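The structure appears right after this line, and notes come after that.
The values are calculated or read from the model by the stated rules, or taken from the named source; none is laboratory data. Quick caveat, the model's predicted, so the values are computed rather than measured. Counting neighbours? That spans all protein chains shown, and the Cβs are built from the backbone with ideal geometry, glycine included. When the accessible area is computed, the model is the full protein with side chains, heavy atoms only, and any ligands, DNA or RNA have been set aside. Shrake-Rupley method; radii C 1.70, N 1.55, O 1.52, S 1.80 Å.
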Amino acid sequence: SVLEEFQIEEFKERCSQCAAVSWGLTDEGKYYCTSCHNVTERSQEVINTDLIPNTQIKALNRGLKKKNNSEKGWDWYVCEGFQNILCQQAEALKNLGIGPELKNDVLHNFWKRYLQKSKQAYCKNPVYTTGRKPTVLEDNLSHSDWASEPELLSDVSCPPFLESGAESQSDIHTRKPFPISKASQSETSVCSGSLDGVEYSQRKEKGIVKMTVPQTLAFCYLSLLWQREAITLSDLLRFVEEDHIPYINAFQHFPEQMKLYGRDRGIFGIESWPDYEDIYKKTIEVGTFLDLPRFPDITEDCYLHPNILCMKYLMEVNLPDEMHNLTCHVVKMTGMGEVDFLTFDPIAKMAKTVKYDVQAVAIIVVVLKLLFLLDDNLEWSLSNLAEKHNEKNKKDKPWFDFRKWYQIMKKAFDEKKQKWEEARAKYLWKSEKPLYYSFVDKPVAYKKREMVVNLQKQFSTLVDSTATAGKKSPSSFQFNWTEEDTDRTCFHGHSLQGVLKEKGQSLLTKNSLYWLSTQKFCRCYCTHVTTYEESNYSLSYQFILNLFSFLLRIKTSLLHEEVSLVEKKLFEKKYSVTKKKSRSKKARRH
């Protein structure tokens with residue numbers, strides 16, 4: 001406009017960033033370079049507009065109030081990035097049917113507690129002693145509060161949930177903060193998009209749990225566990241794998257003004273799927289670090305109780321409903337259904353939580369061994385008897401035929417596993433918003449990304465002309481079995497009469513033998529409880545372990561270890577006899 005030209009015609013200095021002479025005015029009346037958007041400290045003096053007829057004052061709103069410039073974006077800290085990821089994950093869980101209180105109350109308070117314990121907020125001596133302090137959560141939380149830029153809470157403000165033992169006065173005086181020096185700040189401006197990216201990647205302090213992207217899943221699982229929601233850890237990780245919960249490339253959903261490059265790449269870039277055992281350990285680690293109180297009791301009416309989970313997995317793998325009575329019996333005999341055994345207590349001397357899903361399938365494996373022995377011999381002999389009985393008595397309730405079940409399940413399992421492997425092979429690890437080390441590399445990174453996308457389109461056209469299937473709707477079940485399905489036999493209603501015998505008012509297994517999955521456990525200082533080598537075990541046992549391990553997306557050795565622990569509780573006397581024998585042998589040698 002005429003007025004704008006009149007206001008800037010006297011300002012002829014060159015831009016300190018790009019040396020151009022092209023200026024505009026912000027809302028505050030400051031000059032900014034129209035070439036590189038650099039804002040100067042110099043302001044235009046007020047001009048009497050009455051001297052210029054037929055004109056109106058129009059301020060130029062460039063949205064530069066909280067930004068450095070359009071290239072560098074906002075000043076932000078690493079903890080704000082993790083806060084954004086937690087927000088995304090909480091919203092995803094809400095979309096899966098989890099109540100809003102998980103995000104607004106539980107996860108909200110856990111994150112506040114972490115910020116305080118790690119000396120990043122809600123304390124007297126925060127880590128960030130210079131520069132802009134990090135944006136943290138508001139008390140009345142909504143999605144926009146997590147993802148946008150709410151005002152910073154007072155350093156010493158602390159909700160009641162945090163005050164109970166979260167940080168003692170001695171900690172405040174003894175623990176030294178991590179000051180971000182002027183040198184490191186200038187370094188971060190070059191080597192990372194976040195203010196503390198370089199410093200954060202180098203930071204190490206004993207007793208502090210350093211936040212990582214996998215740790216966000218630990219926070220989510222802790223929140224689910226506190227709420228006793230109907231999602232196990234294996235379900236959570238599978239929903240991540242199916243892209244229902246943000247994890248891989250979650251940074252690409254950051255606000256546009258949160259620029260990531262340099263050291264941020266190593267902090268937020270993930271190029272592997274979350275591992276069950278790793279997230280399980282991190283869950284205990286985070287719960288212990290936060291000094292959380294004992295979690296709500298896991299009772300018989302809770303989804304995570306082994307009696308309920310066993311029924312769920314029996315249905316999933318198409319086994320008879322009658323097996324549930326046997327799994328409940330094993331749970332009772334081993335004490336694995338006791339509240340104190342199942343409930344997570346982070347402040348206990350030996351803080352540990354139960355692997356609820358792994359424990360449930362391990363109990364089913366033990367029951368299968370009790371019924372069929374799984375020695376590549378007895379199970380097939382019992383299958384012959386069931387087959388003959390079913391042929392002669394077609395109108396009666398069919399006996400469970402292990403061989404027929406094995407054939408149907410193996411086919412379904414192989415098909416499902418092949419699809420899963422293909423999906424993993426086709427997964428696009430590169431994000432739509434490429435990460436780069438510096439602004440010099442930015443054009444190259446975007447050019448490479450464009451080439452990759454074009455090559456993928458060409459390759460998919462050559463390999464398969466059909467359209468790519470959309471994202472699957474989330475489900476707790478991976479296999480579905482119904483009586484109406486004529487193509488596949490549903491064994492839910494089949495009888496165990498062929499493998500059980502009556503004795504008085506009780507039922508006993510026809511099989512009186514049993515072999516222990518582990519004869520001798522490793523010592524307590526060993527990194528594992530037992531070892532698993534496939535060649536040492538029967539093919540039927542291997543198949544059962546492989547089937548359940550695939551369902552839970554865990555290593556077969558982890559399930560074998562859990563089976564051994566269930567057996568140890570169930571056959572405590574047998575193990576004690578084995579120990580005595582080994583001790584007597586050692587005594588004889590000496």
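Please specify each residue of region 287-320 satisfying the condition of being open to solvent by 20 Å² or more (accessible area, probe 1.4 Å) and either without any contact (Cβ under 8 Å) to a residue 12 or more places away in the chain or not in a helix (DSSP H, G or I) (or both). Steps first, please.
Applying the first criterion (open to solvent by 20 Å² or more (accessible area, probe 1.4 Å)) to region 287-320 yields 288-289, 291, 293-294, 296-297, 299-301, 303, 307-308, 311, 315.
If the condition is that a residue be open to solvent by 20 Å² or more (accessible area, probe 1.4 Å) and either without any contact (Cβ under 8 Å) to a residue 12 or more places away in the chain or not in a helix (DSSP H, G or I) (or both), then Asp291, Pro293, Arg294, Pro296, Asp297, Thr299, Glu300, Asp301, Tyr303, Ile308 are the ones that fit.
Output the residues belonging to region 321-369 that are polar (S, T, N, Q) and not in a loop (DSSP other than H, G, I, E, B). Walk me through it before giving the result.
Filtering region 321-369 for residues polar (S, T, N, Q) gives 325, 327, 334, 343, 353, 359.
Listed by number, the residues that qualify are Asn325, Thr327, Thr334, Gln359.
For region 214-270, what are the residues that are closer than 22 Å to Asp291 by Cα and part of a strand (DSSP E or B)?
Filtering region 214-270 down to residues closer than 22 Å to Asp291 by Cα leaves 214-229, 233.
Correct list: empty.
Determine the pairs where a residue that is free of Cβ contacts under 8 Å to residues at least 24 places away in the same chain, located within region 322-337, has a partner that is hydrophobic (A, V, I, L, M, F, W, C) with Cβ atoms under 7 Å apart, the partner being 6 or more residues away or on another chain.
Filtered contacts from region 322-337: His324/Cys310; His324/Met311; His324/Leu314.
Among the residues of region 9-28, write down those that are part of a loop (DSSP other than H, G, I, E, B), open to solvent by less than 90 Å² (accessible area, probe 1.4 Å) and modelled with pLDDT of 65 or more.
Correct list: Cys15, Cys18, Ala19, Ala20, Val21, Ser22, Thr26.
Pairs only if they're at least six apart or on different chains, beta carbon under 7 angstrom, first in region 537-556 and free of Cβ contacts under 8 Å to residues at least 12 places away in the same chain and surrounded by 19 or more Cβ atoms within 10 Å (Cβ to Cβ), second not hydroxyl-bearing (Ser, Thr, Tyr) and not in a loop (DSSP other than H, G, I, E, B); list them, first residue then second.
Sorted first by the residue in region 537-556, then by its partner, the pairs are Ser549/Leu559.
I'd like the residue in region 241-272 that is within 30 Å of Asp301 (Cα to Cα) and in contact with a helix residue (DSSP H, G or I) (Cβ under 7 Å, 6 or more places away or on another chain) and, out of all such residues, is least open to solvent (accessible area, probe 1.4 Å).
In this case the residue turns out to be Ile245.
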